[in-house]
Every structure is written in C-alpha cells, then in structure tokens.
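The values are calculated or read from the model by the stated rules, or taken from the named source; none is laboratory data. These numbers were taken from a predicted model, which means no experiment stands behind them. A quick note on method: Cβ atoms are made from the backbone with ideal geometry, for glycine too, and the neighbour counts reach across all protein chains shown. Remember, those area values only see protein heavy atoms, side chains included, never the ligands or the DNA or RNA. Shrake-Rupley method; radii C 1.70, N 1.55, O 1.52, S 1.80 Å.
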Amino acid sequence: MNEIWRSSSTLNLYKTQDGYPIERKVIDASGRLGSLYDASTDNLIDSHSVQAFESKVPRTRSICRVFSGDSSRDLTSFLKDVDFDDAIRQSICLQMVTPRGISRFIEYNYSVNENTRFLHYSYRARKEWLEVTAHKTDRIVAAPLTSTQATHMITKIVWGFEILCIIQIPKNHSVDLIDQLLYKICDQLNHNRITITNKSNNLYLTNQLQNITVYGPETCIDQSNISLLTILNRIKNWQKDSNTHQPLVYTMQPLRWLYNGSQFHVPCSFPKPDNSHTAQIEIVIHRINRQMKNLKEIFENLPINMSSTTLDQRSKTFQQKRRFMLDSYDHLQERLRLALADIRRHRFESVALDDILGDQRYECLCDSEMKKFLSQVQQLLNKSISIEKLKNDEIEYRNALDINPNQEISSTIVDIDVILKRTYSREKENFILWYSSDRLKREEENRYQQIYQELTWERQHLEQQIKIVYIDFTDVTERLEDFIFVRSPLVEVSTNDRDPTTDTVRILSPSKEPFPKPKPTEINVLLMGETDVGKSTFINYLKFKSFQHAEQGEPVSFCNTVCNHFDKFAAKIDTVDLNENFDQSVTQQCKSHVFVLNHGLSLRFIDTPGIDDIQRNNQDVNTIDKILNYINNFSHLNAICLFLKPNISELNAFFRFCVKPLLTYLIPNGNDNIIFCFTYTRSTFSTRDHTDRSLRKMLDDEQLYNISVKKENTFYFDNESFLNVDEYRQQECINSWDASVAESVRLLTYIEQCKPLNLETLLSLHRVALDISMLARPLMETMRLIIYNWKLSEASLLINHMILNSYPIDNDMCTNCAEITFVELGPLWLTQYQPTLLNSNENQHRRCLTNKKHVLIESTVTYEFVPLPAGLEKERWQSSFYNFIFKCDRLLHFLRQQELSNHDDPFQPILERYLEEEQQILQMCNLKSDMNRRVHEVLESITQIRQENSKKLYQLNESLSLNQVYQIINEFITIPTVRKQIDSIKTSRRLKMAKQECIIPKDSINNIIFTSFIDSHR
C-alpha cells in the first residue's frame, strides 16, 4: 500500500511502498535515536536513546533563504516555506502538537504584509543514524514489550540550530535596497561567511533593522526582539557551541518494517498532498481561527454597561452565542483530530472529513453565519463608541425601545414620541430631543455631522443650560424617515415645518439648514492713534459710570498728559504692568476688550499699539503690519476709530505711517467706516470748526479725498479727568467724565449704523503683501522638503516620501530666541524649534532685540516618512524644485513692482537661516551626514538661481493683476504641505489673540448710560 507520498518540500521522502522512511521537521526536540513516534498524531511516545550509532558532518551545513510576507495568507501557511510538510502543518493546525522553536511563528501578533520579510537560517552541525535492517532491528534496539500507539521509530537525526527572523521594513526605507541587503546576507550565510561588508550603505541599512522578531530554540534565543546585526554577530558563536544544537529533522522507519509481530501490522500512511478532503482542514480551520480572533478583539472592547437595557441584553445574548460557538469549535476540532489520526491509520477514508465539516451541529461556524455574527457584534461596538462620544459631549443617549415599559407590545414612533414629551415636559431645564437612527446616520452622514456640531455649539454657547438627548430609533420596527427635533417649550410651529401628528419640528430636506444655530452678532471696532492719545482710556468710559468708580475698579491701562504740553506720566488710578514701558506706547500688542452685551451680541474694541512713539521709523512700519495681521483674523470691521490730538499740525506723520497703509489695505470699501475721535479737547472746545477744517485740508494734502469729515463721524473726548489733580478740581473731572461718557454712547450709536466692512472678500495691494508674508515660511519649508526628497531619491537611499507636519503655537517665537534641537531622521539631521519660557513664564521673545536678524516662527514643523512611494524620480524632484522657486520669485517681482515689500524680499532671511542651520549641523563633530552636505550645496545654489529668475522676470516685464497674484497664491495653498502650515499659522494667531483678550461681562458694566444703550438693543 502507499505508505508515503512525496511532497514539494525537499525534506519529504515519501515513497510508494513499505520500508521507506518519513522525515519530519522537529517540533519536540527531546527525541533521540531509537525513540518511538506516533506519526498519526505527530507526537513522541518515549525518549528512548541508543548509544551505538554512526555520525558524520553533512555536506551542506548552512541553508539560508529570504521570502516575503503576504497579507492574504494565514500564518500557518508560511510554515511550508520553511519545510514543514502538509501532514505536520495539519497536526499543528488542529493543535495535535504544541508549536516549539521556529514553528512558534504562528503565534506572531503583528500584521504580515508586502513589507514583511522572513530570513530563515538553518545550520546543520552533524548527522546521526542507526544501521537498521528490515525485521532485524531488535538486534540493535529491542522491540516494545507492551502495546504501543507508536507507528515509527527515529533512526536518523540531523543536529544543529535554526532561526526564523521576521523583519518589518521601516516605512522610511527603500524596499528594494533592503531586499538587496537581505539577499546579500543570505548569500554570505549560505557560504558560511557572516561578515557584513563595510560599505556605508550596507552598514547603515543593517543598523536600521532593529526590533527583529526571532523564533528558534531556547538554547539560542534569550530575547525575541533584537537587531539584525546582533543576530548575525551571534551566529558564529552558535555554530561553535554544541550546547545550542538540537535535533532539526527526524527520519523515521515504520515499526511494521523494523520488527516482526502482529502488533506492528497496522499501517500508517498519509493522504496525498493534493487530497481535497484533508486540504480542506487547513482552509476551514484558518478561516475560523481568523474570525474567532476578530470576535475576541471586538468583545474585549465592548463595555460592560451600554447605558441601555435593550443594548445590555443584546450584549449578553451575543456573549452567550459566542460561548456556544467556542464550544462548538472545540468539539469540531476534537472530532477532526480523531478522524485525521484514524485516516492516517487507515481506519477511515478521508471523505469522512467532509461529513464532519458538513454536520448541522456546526452550522454556526459556517462562513456566512460567522460573517453575519461578526457584523452584528461590530455594529454593537460601533454603537458603544458613538454612545461614549455622545457622553463626552454631554449628550444623553436613550434607546427608543427602553422608553416604553410594555415590551410585549410593539411601539410606534408616535407612541414613543407621546411618552417622551410627557416625560420631558416635567423637566425644569430646557431640552432638545434628537430623534435619529443608524440608517439615517449612515445614509446622511454629512447632515448628521452638521447637526451634531450645531447642537454641541448651541449647548456650549447659550447662557441658559440646555439638556440634549439623543433618541435612538434603530431598533424600532417602524422606520424613522428623517431626523426629528423636539424643543422645549413645546410650541406650535408653522404648517410647513409641522408634523401633523405631533408638535415636533421635522427637518424635511438636506437643502434646508438642518438645525437653526443662533449666530452671535459681534460689533468690531478698531482703535488707532499716536502714542498716548488715549485709545485705552476711551474703553474706561464705557465700563465705569463715574470717575470715582474707575478709581476704585480695575481700569484699562493707560498713560496721560499734563495740560496742553502733553508730557507723559502714569495715571494714578492705573495698576503697574511689568510689560509696559512708559517711554513707549502703553499698549505694546493688539488687544481686544470684549463687552458681552445681550444674548448673542458682543462689542469688541481692538486696542492697538501707538504709532509714532519714541522707537519710530521701522518700528512704526512693523506696528502697522502687526495691526493689519491682527484684524486679518476677523470676518468684518464695523468701524475704524482714528484717535487724534487737537494739534493738527503734528498729525501728518501719523496719517503718513498709519492711515495711508490702513487705507491701502481697506481700499476701496473702507472709507465710510472711518471715524475721527479727538482727545484732550477741553482747551479746544471753542476751535472745533477750525480743527475740522484743518483736518479736511490735511486729508486733501495727503490725497485722501474720499474720507468724509462731518459732524456725524467726528467725536470729542476730554481725557483731563484722568489728571492727577487735587480735591479742588475733582468736580471738573467728574463733569468731564460724564460728558465723555455721553459722547461715547453717541459714538456707539453711529457705529451701529455703519455697514460692516467685509474683510474676507477684500482684494487690496497691502493685503496681498501681508498674505505673501504669511506664506513665506510655509513656501520655503515646502521648498526645503522638495530638496530633501530630491537628494534622498538621487542617493537611492530611500524611495518613500518624506512629509512635513505642522503644529500651532500660542507664544511669540523667532529663530533668535527659540530653543533649538537637532534630531536625526533616517540619513538626515534636522533642526527643530521650540518656545523657551523664562522662570517667570514670560515669553522669551519679548526680550528679543528687534535689530538682531531673526525669522518669526508662527508654527513648529516636524518631518516623517510615509509608507507610500513618493512617485517622483530624482529628475522630477529637481524640476519641481526649480519651478517652485520661480513661482515664488514671481510673487517677489510683483511686490517690487508695487513697492510693497518693506524689507525687499520676504524669502531671503528664511533661506539664509536654512543655510546657517545646515552649517551648524556640518560643523558639529558628532553629526556627520553626507545627506546634509548635499542639501547644503543646493541651498547655497539658490542665490544664483534667484538672481537669474529676477533677471528673466525683469526682461519679461511681467505685470500681474491682483486676481492673477491670488491665483498663484491659491495654487500654492492647494499644496497639502503649504495648506497644513497655513492652517497652523492661523490657529496660532487665534490662540495668541485669545491670550490678549479681555472679556467684560454684562454684569460688571457699571455705566448706567451705556447699560441703557445695551437695553435698547434687546
């Protein structure tokens, strides 16, 4: 009869007649020559050992191979690649044997995919064998005296060691280069040469392969995760140390061939490898194991309490079903184990396996049933995640089936709606009931998310507390056709929006706004003026009802002047701020004072640094840019209040440096929103007409013809109430305060009538300059990223794409004051910046010298490699680099044509800083990087490239319109790397704005006149 069939493995010596041995990869290494073996279950029966044997060194001692992972294969199937034949794999699959050595690989817990590599190394130290003869072996080894389950005896053993290394190729490395390295190592090991060549690339790549998972004998492997270099260095020692050697391969003869005796006449053979019945075992077991593993992971993540009686009961039902499936699976495996052993002993035909697998008792384990169950349990897990998110956002979850206590009667939507309304109408707090279902959530995901965001926004921003309850109708038999909302109090709604059966507002179509979000109305007022003109003082008129209250309260910081000489001194009622310097403007940064008025209405005064202070010149230019960058974060401005001192002859510098750049930014829509506020006017009351005429003449001289000067937009304030006066002038100060308060309310009334100026749609020359300035660092960072990828691709070190991540910061920071660290990423060293805080928590940037060269940092960046290939060859990287620089230089050419670039070139300081960073890296003795040297060379060449671009653009005489410039800007912003940085910068600015924001609640406003103004706008 056919004892053994030859497999595709070189280790299998299956023959077609009795008397020929079988070979088995060793699982249990305790076997010795003469040990008995049950081939039907692949287990050692005893550990008998015979001393008289032959031995020699194998001709081929080292065998090494490399092969790739495949996500579509089961782990057990990879055992075939390391010479485990079909029979032993089936035994492992059915848990007839316990995996040991490299077969423990099937317990690997991480994913195996196309980026996984296996390095299998086997070293054969010696071969031992018994010289046996058919039916005469008892002369060497006595036959078993009692009945035994053994079918074979070990007659030959190959000794040595073998290891299986699982290598996950790092995502920032070239798969091809790693493969080349592994095949070189494999070739060296096959020729028993273990030394790694000293080529820099080989050493670098080998050092990068860390945390290699290794399986092998316990005598060799003392830790499962080590570096590839460590493994290679240890192989030589393992070869020499015989204590590390174990049996690798058993060769076994059938007992019926070795001995005479009726007890040995039962044959033991194995079905052909292509036998469809036995082959089905592995397929089915692998599939069930995979699905059981998925189920286990889901159940481990299911919460104990689902916050719903219905869902808790469903969870318990699923748990019971899973236990039943596990019991069924154990029973199925036991039957398959027994059947396979009987088939190998010729007690049954292999077709018997089909009967077992098709048994109706195991219907719950069939593929369709398990997929269905997996889907149900996954839905429950998804539901638990959704409930947890609702809880985190303070939204209560209720299952509709939990609402009707009579579970025996099927509830309709109307029934549940009636119960809910009756229940929540008794609630004292306001509520919103949101009727929804999993189907609606799935089919109208965008609408669901929009509703969710608007509800959470409303709960967070409304003054009164509101309770939001999510009612889940997924399990109700009747289908919920659309999202429904019930609000308190329950009032009648229009016919178009009314459900005829309830007082419930139903959202009818996606085109309609799904949920009304109360949009706050914000009045934004920009305050600008020279230093010490009294912008900050003006805000106090609204906050305090009298001078005495201002003395006792906490007024906004301000300085004031003495009489008509305007000499500076600190006002008595102010508290000292360490960040203020009375030789400069009191307000050193833009700040917002936000008066919270009635529901949904706020009044924001944007207080700005003074213009034309002691620092002068470039400082004024920088201040204007700061102001314009600040207001660029708002959607609109209602008014621009220009605060002026009464001496018109001294105003020309202020208008030249302040008003004209502002109008360049706001043209052509901002003229009607400009308001004039004169301060310290007590001594000039009689000359107001003269002041107005002088102002008009000065505007004409500056060619600002479109700005109106009229009584309605001109206001006068007497700041002398803040003078450090004695008790004899106190009444004058009180009268002055009251008059200024009344004028402030008149100003607010006028502002309210002004049409808001939409900043989001502005197209102006100065805005273009600011937008390009904000783009400068993101563009240069993106250009440097292109250089990195170009040089990495050119060196054939990496083919994966290097990307940039950007993060917002909430402090001012520049390259001069930031904390600098050098980090290693692959073959590159990179510079990273982090803010430095002093012991007092003061931002270091405030101490940064303005005359020192630095680059403002508004977001931090880091780099990483992504697993996807870059998709650009080195030639295309190079082309992208040159095109990118040329497009940046087109923007610079436009700025120069318009004479809008104050510092001539927003990109050059950043490029110079990049060069300094690379020079620092190259000069540090412990940071040697050939890649950084290549990057440095490219950065050095940019100056020449840009000079050529400038010459070319000058010759072309390109003249771009504003729309064409913004087309280039928008093309840049569509680049994901640029987009990420711009978003971070905008977030950083908002965070810093929030730090400079003073919220003044309505109940803290003590000004009666201002309060009456507020009440009139309810």
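Couple of notes before you dig in:
- For region 17-270, the fraction of 1.4 Å probe accessible surface lying on carbon and sulfur atoms is 44 percent.
- Here r is the Cβ-Cβ distance between D327 and Q210 and R0 is 56 Å; the resulting FRET efficiency, rounded to 0.05, is 0.85.
- FRET efficiency for Q180 and D359, using Cβ-Cβ distance with R0 set to 60 Å, rounded to 0.05: 0.70
- Region 394-487, accessible area per residue, ligands and nucleic acids excluded (1.4 Å, Å²): 52
- Projected label distance in nm at K372 and E388, using a 7 Å step from Cα toward the beta-carbon: 2.9
- Long-range amide H partners of F678 with built H, under 5 Å: L644, F715, Y716, F717
- Placing R0 at 22 angstrom, the Cβ-Cβ distance between R100 and T230 gives a FRET efficiency of 0.45 after rounding to 0.05.
- Amide H contacts of H801 (H built 1.01 Å from N, under 5 Å, at least 5 apart or other chain): V866, L868, A870
- Pair Q460, S47: separation of 7 Å Cα→Cβ label points (nm): 6.7
- Residues in region 126-146 reached by a label modelled at R193 [backbone nitrogen below 11 Å; 7 Å Cα→Cβ]: none
- Rounded if a/c under 1.5, otherwise prolate or oblate - region 959-1001, Cα gyration tensor axes: oblate
- Contact order, relative form, for region 55-136: 59 percent (alpha carbon pairs under 8 Å, 6 or more residues apart, mean separation divided by residue count).
- Rounded if a/c under 1.5, otherwise prolate or oblate - region 394-487, Cα gyration tensor axes: oblate
- Over 20 Å between alpha carbons, listed pairs K296/K316; K626/K986; K660/K995; K80/K293; K755/K1002: K660/K995; K80/K293; K755/K1002
- Amide H contacts under 5 Å for G529, placed H, 5+ residues apart: I611, F643
- Relative contact order (percent, whole number), region 17-270, Cα cutoff 8 Å, 6+ residue spacing: 29
- Rel. contact order, % - alpha carbon contacts under 8 angstrom, at least six apart, region 282-374: 36
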